[in-house]
Amino acid sequence: DGGITQSPKYLFRKEGQNVTLSCEQNLNHDAMYWYRQDPGQGLRLIYYSQIVNDFQKGDIAEGYSVSREKKESFPLTVTSAQKNPTAFYLCASSITGTSGFNEQFFGPGTRLTVL
Amino acid sequence: KNQVEQSPQSLIILEGKNCTLQCNYTVSPFSNLRWYKQDTGRGPVSLTIMTFSENTKSNGRYTATLDADTKQSSLHITASQLSDSASYICVVSAKSGYSTLTFGKGTMLLVSP
């Protein structure tokens, strides 16, 4: 069963706690992305990685951190510095990140709620 | 600033009817435009991709059009089904050193029995 997976599907966090969202792909894609989706808003890019051990900030990176130690994995940590972390988080991957023609395949998402 | 505007924001139609969703963009330099379907609580799935030279592309009951001169695209859904109820997102890619995408806010479609 090939594809991109995210876990958990639902996540609850207390204020002041860091939390890590998992994203795994077995599509052999070089590029991976993290987006945040809020009601009535378009997807916004948090971080992206074009290759292992390299990643770049997107439009709203403040309060988030990532790592890319393996090609298959791109975990996102939501830190306590993120002022409004409650949102739907989507992970995506593409063959490469250097061409807009490469389709981004999305995972099923993680809904994070801060209590 | 690159922008993608979609209309209407939401739409309710009866099962079996047709509908058309609109997308206007100001992304430059333009590379391609995709329409994604996003079911509630799920990740988006690509329906079509259109490049500068393409005017029309179909995928089953979904037909996308592109007018690169006016920077407008539309997604036409024929003979709607209950399973078409979803958010439809227009995504425009700019030509650059890496894949930069600008996402519209989406049109929420509800197909009613």
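FYI, it's all coordinate maths here, none of it is from the lab. All values derive from a computational prediction rather than experimental measurement. Don't worry about glycine lacking a Cβ; one is built from the backbone with ideal geometry, like all the others, and counts go over all protein chains shown.
Which of these, B:Leu11, B:Leu21, B:Leu75, has the largest mean-square fluctuation under a Gaussian network model of chain B (Cα springs below 10 Å)?
In the Gaussian network model the winner is B:Leu11.
Let me spell out the model: positive unit charges on the Cβ of Lys and Arg, negative unit charges on the Cβ of Asp and Glu, origin at the Cα centre of chain A. What dipole size does that give, in debye rounded to 20?
On the way: 11 positive and 11 negative charges, 76 e Å.
Roughly 360 debye, rounded to the nearest 20.
What does the structure give for A:102-111 when I average, per residue, the other chain Cβ atoms found within 10 Å of the residue Cβ? Walk me through the numbers on the way to the answer.
Values: counts 2, 7, 9, 4, 7, 2, 4, 5, 0, 1.
Across A:102-111, the average partner-chain Cβ count within 10 Å equals 4.
Please provide three numbers in whole Å: the alpha-carbon extents of chain A along the principal axes, with the largest listed first.
Computed over the Cα atoms, the extents are 37, 30, 29 Å.
Out of A:Phe105, A:Phe12, A:Phe55, any idea which swings most in a Gaussian network model of chain A, alpha carbons joined below 10 Å?
Greatest mean-square fluctuation among the candidates belongs to A:Phe12.
Summarise the partner chain shielding of B:34-42 as one whole number: the mean count of Cβ atoms from other chains within 10 Å of each residue's Cβ.
Details: counts 4, 0, 4, 0, 5, 1, 0, 6, 6.
Across the residues of B:34-42, the mean count of other-chain Cβ atoms within 10 Å is 3.
Go through B:34-46, B:56-68 and give me the packing order, highest mean Cβ count within 10 Å leading.
B:34-46, B:56-68
For chain B, give me the percentage of DSSP beta bridges that are antiparallel, rounded to the nearest 5 percent.
Details: 41 of 46 bridges.
So the antiparallel bridges in chain B amount to around 90 percent.
Quick check: Cα centre of the stretch B:42-86 to Cα centre of the stretch A:42-115, how many Å?
When both Cα centres are located, 26 Å separates them.
Counting only other chains, what is the mean number of Cβ atoms within 10 angstrom of the Cβ of each residue in peptide A:41-53?
On the way: counts 3, 13, 11, 1, 4, 0, 0, 3, 0, 3, 0, 0, 0.
Mean number of neighbouring Cβ atoms from other chains: 3.
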